Amino acid sequence: MDLPLGLQNLGNTCYMNATVQCLKTVPALTDSLKTFSGHVAVPDTQTSVTAALRDVYLTMDKGAALPPLILVQALHKAFPRFAERDNHGQLAQQDANECWTELVRTLQQKLPAEEATKYPSIIDQFMGGRFSVEMKCDEAEEEPASVSTESFLQLSCFIETDTRYMHSGLISKLTEKITKNSPSLSRDALYTKSSKVDRLPAYLTVQMVRFYYKEKQGGGGVNAKILKDVKFPMILDVYDLCTKRLQEKLLPMREKFKEWEDEEAQRKSAMKDKPKALKGQDGDAKPVNFAPYHFADDLGSNNSGFYELQAVLTHKGRSSSSGHYVAWVKHSADVWLMCDDDKVHTVTTEDVLKLSGGGDWHVAYVLLYGPRKLELAEGKTIEPVRCQVTEGETEPMTTD
């Protein structure tokens, strides 16, 4: 198997290398970069970063080994904190999620959306979600709840003492207590903020919030790491994170997945009953067709609530400003690639599932999920699913 190229570490730049490898798994992003016409040597730092990332991906696709020096320089110019040096004059280690966030926000400003759409950029279209948020005052029952919307590019999984699974960490974040000014009480009051997802992007990023500021004796502090084992799934279902109305929109495709799973179970059962001599005699493998993973009127969305893990960015060490970052990228069914700077080798799904934490091994920090795609039988089609607001419905989606 021909392995893709890794990226040379130019002195504590593993945080950038791992981020670049993970983001390369989003086809809409890499396709959009190919059409970007900006140049690196321009005063606009966002254009420089975008052009430098485009050139890195083009070089990788050609199989040429070229140190990502220009991208490092562009990042340093755009975000001076990434150019900080340690006491020995070496480039200091940086937080990979901060690099991820800055890169995505930069691309959000420079890469237009596909086709005619309501989204301003390819990032908003394929990686951006939306919350419907309800704010209710705990101290004034008569004060009406306010409903608004908030955009997101990542979901956060906060790790508490009893958090064992990523999904429960995501759920717990949806309800929180905040203090803000109450118009009915004319003072600060306690509010319950309830959030539900009312737009799912095709590609969903989840950050495991593993670092917190810990003061040190004698002054100063460090971003200490939570090593707790928190399991994450290969197939993620976020149906219960969504508003009721979005859940209703997701049901048609979810039913199709259920039908497919039942058919697959029957097929496997029938294969078991076949004589060994007849197994594997079904002819040449045929091209696989997939149903659209997005709503017909919302290119870049997810129409089922099902996702498949396609990339993991891990950290090994005890602090975000030290240690080592690595990218783990899905290649095929049970084959993953461990991209450790310029060293790339194959690992299994089982190896990736061991990245859940609990020790000093590589621990999942940022996870990138892509849309789970429904396989269609040869010649079979399904009617497109739409997400448009129908008569009688109102915006925004409620969090009931």
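The values are calculated or read from the model by the stated rules, or taken from the named source; none is laboratory data. None of these values were measured; they are calculated from a predicted model. Quick reminder, even Gly has a Cβ in these numbers, built from the backbone with ideal geometry, and neighbours come from all protein chains shown. These accessible areas exclude ligands, DNA and RNA; they are computed on the full protein's heavy atoms, side chains included. Shrake-Rupley method; radii C 1.70, N 1.55, O 1.52, S 1.80 Å.
Say we join alpha carbon atoms closer than 10 Å with springs in a Gaussian network model of the chain; which of Gly305, Gly129, Gly11 then has the biggest fluctuation?
Among Gly305, Gly129, Gly11, the largest GNM mean-square fluctuation belongs to Gly11.
Determine the relative contact order of the chain: mean sequence separation of Cα pairs under 8 Å and six or more apart, normalised by residue count, in whole percent.
Normalised by residue count, the contact order of the chain is 20 percent.
Show which lysines lie in cross-link reach of Lys380 when reach means a straight Cα distance below 21 angstrom and same-chain residues fewer than eight apart are skipped.
Lys256, Lys258, Lys268, Lys286
What does the convex hull of the Cα atoms of segment 306-356 come to per residue, in Å³, rounded to a whole number?
That works out to 90 Å³ per residue.
Taking amide H atoms as placed 1.01 Å from N in the peptide plane, list the residues 5 or more away in sequence, or in a different chain, whose amide H sits under 5 Å from that of Thr149.
The list, which skips near neighbours in sequence, is Val133.
Can you spot the lysines whose alpha carbon is less than 18 Å from Lys193's alpha carbon? Ignore those fewer than 8 places along the same chain.
Leaving aside lysines fewer than 8 places away in the same chain, those within reach of Lys193 are Lys136, Lys173, Lys177, Lys180, Lys244.
Kindly provide the Kirkwood hydrodynamic radius of segment 103-155 in Å, to one decimal, from all pairs of distinct alpha carbon atoms.
Result for segment 103-155 stands at 13.2 Å.
Compute the length gained on full extension between Asp188 and Ala64: take 0.36 nm times their separation in residues and subtract their Cα-Cα distance, giving the result in nm to one decimal.
This chain segment gains 38.7 nm when fully extended.
Give me the percent of Cα-Cα pairs in segment 3-140 that sit more than 22 Å apart, rounded to a whole number.
42 percent
Tell me, what ³J(HN,Hα) does each residue in segment 59-73 have, in order and in whole Hz, if you take phi through Karplus 6.51 cos²θ - 1.76 cosθ + 1.60 with θ = phi - 60° and put x for Gly and Pro?
5, 5, 5, 7, x, 9, 8, 9, x, x, 5, 5, 5, 4, 5
Regarding segment 102-199, what are the three Cα extents along the principal axes, ordered largest first, in Å?
47, 36, 22
Per residue, how large is the accessible surface of the chain? Use a 1.4 angstrom probe and give square angstrom.
51 Å²
Of Leu53, Leu190, Leu227, which has the largest mean-square fluctuation in a 10 Å C-alpha GNM of the chain?
Top of the fluctuation ranking is Leu190.
Can you pull the one-decimal nm distance between simple spin-label points at Gln266 and Tyr165, each 7 Å off the Cα toward Cβ?
Roughly 2.9 nm, to one decimal.
Considering only protein heavy atoms and a 1.4 Å probe, what is the carbon-and-sulfur percentage of the accessible area of the chain?
Carbon and sulfur atoms account for 50 percent of the accessible area of the chain.
If you wrap a convex hull around the C-alpha atoms of segment 145-241 and split its volume per residue, what is the figure in Å³?
Given the Cα convex hull of segment 145-241, per-residue volume reads 159 Å³.
For the chain, what does the helix formula give at 222 nm: sum of -39500 (n - 2.57) over DSSP H segments with n ≥ 4, over the residue count, nearest 500 deg cm²/dmol?
-8500 deg cm²/dmol
How big, in percent, is the set of alpha carbon pairs in segment 18-91 lying more than 19 Å apart?
39 percent
Answer with one residue from Tyr203, Ser269, Ser321: the one whose Cα lies farthest towards the positive end of the charge dipole of the chain, charges on Cβ with Lys, Arg +1 and Asp, Glu -1.
Ser321
Can you give me the convex hull volume of the Cα atoms of segment 68-117, divided per residue and expressed in Å³?
Value for segment 68-117: 91 Å³ per residue.
Taking the radius of gyration and the Kirkwood hydrodynamic radius from Cα positions alone, what is the Rg/Rh ratio for the chain, to two decimal places?
With Rg and the Kirkwood Rh in hand, the quotient comes to 0.99.
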